[in-house]
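A.B. asks: Just dropping this structure here.
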Amino acid sequence: MAGANWVAASGGRFTPQSSGCGVCHIGSLPAPPEPGKPATVTQAQTVDCLVCHAKTYDWRRRSTLVRDASGLHWGEDTSLTAALSVTRVPTNAACLRCHEHAFSYDYKRGTPFTPANDVHAKAGLRCVTCHVTEHHKIAKGLYESDMVANDLPDVAVSCTRCHGPSPHTGRTGAILNAHIRRLACQTCHIPRVSGIVYENWGRPVRDDARGPYSAISKYDRIPSIRGAFVPTVRIHRGTPSYMWRVPNTQDQPQAQNWMALATAQRSTRGARIFPVRALTQVLLVDRTRKMWQAPRMAFMKDDSRTADFPLLLAPNRAVYNRTGNVTHAIAAGMKALGVPWSGQWMAMRMPGTSYISVNHGVRRHGLACAACHSAHGVMDFKALGYSPRQVRQLERPEKAGRVDAGARLWR
Ligand code: HEC
Ligand code: HEC
Ligand code: HEC
Ligand code: HEC
Ligand code: HEC
Ligand code: HEC
Ligand code: HEC
């Protein structure tokens, strides 16, 4: 996808529909760097300093394609105005130039970091106060299980660093604090999420109906393109899903693996319940060719679990958006990648569901007891691994409500 869409654009301009990956994936390079290889000096020099450090930054300059000796790449705002507005610590708005899409309503996580939606945004906390930095490495925490590298694998980004291990006081303080051993803070304090839970690339639809889906950013003010074709998506607004998670440390065989496939269970030592958004993807694959036939993927042939995995196809998004013709979009994408394909595609549901974690959109009031302890609570206790007897007990709000301070949860 990245290879075929790094500079994909509608009329030379980035749009949410075109998803020109290089706009945010951060160097101003004509093509993505090779995964796993450290950046060369030349590549590192294309990093856009001002996109983080300038308070005033014209995103239109970044989202416009430039052609020069190094090739076709996304631009930068290198104006004097931008340079004069440099801050030592990047502002939240600067981080959100790229991350808002990953937080905003109907895109990746649906937990926008806005004063109306997050106590910390309201209190004026900076991104880097929680995500501490060290020489341009930014802590991402131990619980993320996405494909993004962890710059600081030993540094936790935890709520208890500031609030301590027993943050609750008052009448229900003791019982709430007792829950922390088995429930992450986010589970009660992020009651609502929204975002894409299902995505099917085999069925392009016109974007007219969705409207705001295509003009989602407050910071880059990109107008939607009426009539552009986008994949079929299902958007869920409401409570998150819940699953057991453990930190991604070396000593945890049950750590969330790549793409957040679930592995921890109720019995896993140290596991706690976290809120997540499940994402099911139907992607485009080759009818006959296998993934191991792609460059550098030969290793997949030697493992019986991966040998038959079909070749994933990368549609060029600009063609996809303009025409809604999947075959043409794939032909353009695979040509850009230089990877041969059979010309025959099919849409395939990816095995396993990925679980996207949610960590922002923190509310002052956590969920009330009855939100979970009732017959129609937000949690599926059975799916979380509780026995029928335990489920019955957990669903009885009157019992849960009567618990006095000092009460204990199950061992
Ligand atoms: C508007 C900015 C933006 C654009 C455009 C963008 N990304 Fe990203 N992407 C991000 C950010 C920020 C993250 C990391 C934070 C996160 O996942 O919330 C990320 C993470 C990712 C990840 C890891 C995600 C995971 O859940 O494991 C992949 C893979 C990725 N991007 C691929 C792409 C590809 C391919 C494109 C182009 C089709 C693209 N991105 C376009 C901002 C962007
Ligand atoms: C992804 C965002 C990002 C980019 C891109 C970025 N920086 Fe930074 N920079 C930061 C953060 C975060 C800090 C640390 C602020 C803190 O926590 O104290 C920082 C700190 C600094 C500091 C202050 C160091 C100190 O010890 O006080 C300098 C100087 C700096 N950056 C220069 C640069 C230059 C030059 C570039 C381009 C090559 C660049 N930055 C690109 C995010 C960024
Ligand atoms: C130019 C776009 C851009 C800006 C500005 C930016 N980021 Fe990112 N950030 C990204 C991308 C892209 C990734 C994924 C990198 C990768 O592929 O490993 C990322 C990854 C991260 C991650 C790890 C995410 C994860 O899911 O594991 C954190 C945390 C993060 N950024 C915080 C920040 C903070 C804090 C700032 C402001 C100081 C900032 N970023 C500014 C584009 C940006
Ligand atoms: C009050 C603390 C706090 C603040 C402020 C905060 N974050 Fe986070 N963030 C977290 C925690 C906690 C996690 C989860 C860490 C883990 O999984 O171990 C997280 C996770 C993330 C991730 C990984 C993907 C995700 O969304 O779950 C990204 C990217 C990120 N934060 C970026 C940002 C940016 C950008 C800002 C500022 C706009 C910001 N954060 C502000 C606490 C904070
Ligand atoms: C860097 C320190 C820091 C981290 C990390 C942090 N918080 Fe906070 N938190 C604060 C500050 C500061 C406030 C604002 C306090 C105030 O306004 O009284 C706050 C406010 C809150 C409030 C509202 C309290 C009130 O009395 O209004 C809740 C709830 C909360 N945080 C939960 C969390 C959760 C959940 C996490 C982890 C995802 C977290 N915090 C991570 C510093 C932090
Ligand atoms: C079982 C659900 C639950 C869990 C888990 C939970 N909270 Fe709370 N939290 C609540 C509720 C409910 C309130 C509101 C209490 C009130 O207003 O009386 C609250 C209030 C707070 C407050 C405001 C102070 C107070 O005493 O009212 C802070 C700060 C806070 N929580 C932080 C955290 C942190 C940090 C964690 C994780 C270490 C956490 N919470 C885990 C439910 C929870
Ligand atoms: C976010 C969902 C959630 C909320 C909100 C919540 N609980 Fe629980 N509670 C649980 C889960 C899950 C367990 C089981 C933990 C375990 O595995 O040990 C539990 C366990 C308990 C138990 C021990 C089991 C039993 O029936 O003896 C009591 C008592 C209890 N909760 C009372 C409360 C009270 C009182 C409140 C409100 C102040 C509350 N809970 C809020 C999810 C929740």
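The values are calculated or read from the model by the stated rules, or taken from the named source; none is laboratory data. It should be emphasised that the depicted structure is a prediction, and the values quoted were computed from it without experimental measurement. Counting neighbours? That spans all protein chains shown, and the Cβs are built from the backbone with ideal geometry, glycine included. The accessibility values were calculated without ligands, DNA or RNA, using every heavy atom of the protein model including side chains. Shrake-Rupley method; radii C 1.70, N 1.55, O 1.52, S 1.80 Å.
A.B. asks: What ranking of S10, S166 comes out by heavy-atom accessible area, probe 1.4 Å, highest first? Walk me through the numbers on the way to the answer.
C.D. replies: Numbers: S10 40, S166 75 Å².
Largest accessible area first, the residues go S166, S10.
A.B. asks: With a point put 7 Å past each Cα toward its Cβ, work out how far A347 is from A375 in nm, to one decimal.
C.D. replies: Going by the 7 Å Cα→Cβ label model, 3.8 nm.
A.B. asks: Compute the length gained on full extension between A149 and D308: take 0.36 nm times their separation in residues and subtract their Cα-Cα distance, giving the result in nm to one decimal.
C.D. replies: Details: separation 159, 0.36 × 159 = 57.24 nm, distance 2.76 nm.
Full extension from A149 to D308 adds 54.5 nm.
A.B. asks: Then there's this: Provide the net charge surrounding Q252, with neighbours chosen by a C-beta distance below 13 Å and charges set as Lys +1, Arg +1, Asp -1, Glu -1.
C.D. replies: On the way: positive: R245, R269, R272; negative: D251.
So the environment of Q252 carries a net charge of +2.
A.B. asks: Next up: Under the rule of -39500 (n - 2.57) per DSSP H run of 4 or more residues, summed and divided by the residues of the chain, what mean residue ellipticity at 222 nm is obtained, to the nearest 500 deg cm²/dmol?
C.D. replies: Details: 16 runs with 93 residues, N = 411.
Result for the chain: -5000 deg cm²/dmol, rounded to the nearest 500.
A.B. asks: With r defined as the distance between the Cβ atoms of T40 and A83 and R0 fixed at 35 Å, what FRET efficiency is calculated, to the nearest 0.05? It would help to have the intermediate numbers written out before the result.
C.D. replies: Values: r = 25 Å, r/R0 = 0.73.
According to the calculation, E is roughly 0.85.
A.B. asks: Here's a follow-up. Tell me, what is the 1.4 Å probe accessible area of V358, in Å² to the nearest 10?
C.D. replies: Here the residue's solvent-accessible area equals roughly 0 Å².
A.B. asks: On the full set of protein chains, 1.4 Å probe, figure out the accessible area of E144 and give it in Å² to the nearest 10.
C.D. replies: Spelled out: E144, probe radius 1.4 Å, area about 40 Å².
A.B. asks: Report the trypsin sites (Lys or Arg not before Pro) located in segment 1-92 that are in a DSSP loop and have at most 13 other Cβ atoms inside 10 Å of their Cβ, or state none. Write down the numbers at each step before the final one.
C.D. replies: Details: sites: R13, K55, R60, R61, R62, R67, R88; in loops: K55, R88.
Qualifying residues, ordered by number: R88.
A.B. asks: While we're on this one: For the Cα atoms of the chain, what angle does the longest principal axis make with the long axis of helix 326-337, in degrees from 0 to 90, nearest 10?
C.D. replies: It is inclined by approximately 80 degrees.
A.B. asks: Just want to confirm a number: the relative contact order over the chain, from Cα pairs under 8 angstrom separated by 6+ residues, in percent. Spell out each step's value before the answer.
C.D. replies: On the way: 785 pairs, mean separation 70.3, N = 411.
It comes to 17 percent, rounded to a whole number.
A.B. asks: Considering all projection directions equally, how large on average is the shadow of the alpha-carbon convex hull of segment 1-88, in square nanometres?
C.D. replies: Numbers: hull surface 25.2 nm².
Average projection, Cα convex hull of segment 1-88: 6.3 nm².
A.B. asks: Here's a follow-up. Given +1 on the Cβ of Lys and Arg, -1 on the Cβ of Asp and Glu, and no further charges, what dipole in debye does segment 1-152 carry about its Cα centre, rounded to the nearest 20?
C.D. replies: Numbers: 15 positive and 13 negative charges, 51 e Å.
Dipole of segment 1-152, to the nearest 20 debye: 240 debye.
A.B. asks: Mind checking the angle between helix 92-103 and the chain's longest principal axis? C-alpha axes, 0 to 90 degrees, to the nearest 10.
C.D. replies: Here the helix axis deviates by roughly 80 degrees.
A.B. asks: Hey, rough spin-label estimate for R296 and R392, points 7 angstrom out along Cα→Cβ, what's it come to in nanometres?
C.D. replies: 5.7
A.B. asks: Going 7 Å from the Cα of R171 along its beta-carbon direction, which residues of segment 356-400 have the amide nitrogen within less than 18 Å of the resulting point?
C.D. replies: 365-373, 397-400
A.B. asks: Follow-up question, since we're still on this one. For the chain, treating each Cα as an identical point scatterer without solvent, what Debye log10 I(q)/I(0) comes out at q = 0.10, 0.13 1/Å?
C.D. replies: -0.79, -1.29
A.B. asks: Calculate the spin-label point distance for E134 paired with V119, positioning each point 7 Å from the Cα along the beta-carbon direction, and give it in nanometres.
C.D. replies: My value for the distance between the label points is 2.9 nm.
A.B. asks: Determine, from the Cβ-Cβ distance of H163 and R203 and an R0 of 56 Å, the FRET efficiency 1/(1 + (r/R0)^6), rounded to the nearest 0.05. Write out the running numbers ahead of the final one.
C.D. replies: Working: r = 45 Å, r/R0 = 0.80.
With R0 = 56 Å, the Cβ-Cβ based efficiency is 0.80.
A.B. asks: Might you report the magnitude of the Cβ-based charge dipole of segment 89-367 about its Cα centre, with Lys and Arg at +1 and Asp and Glu at -1, to the nearest 20 debye?
C.D. replies: On the way: 37 positive and 17 negative charges, 133 e Å.
The dipole magnitude comes to about 640 debye.
A.B. asks: Shifting gears a bit: At what distance in angstrom do the alpha carbon centres of segment 350-379 and segment 13-78 lie from each other?
C.D. replies: Between the Cα centres of segment 350-379 and segment 13-78 lies a distance of 36 Å.
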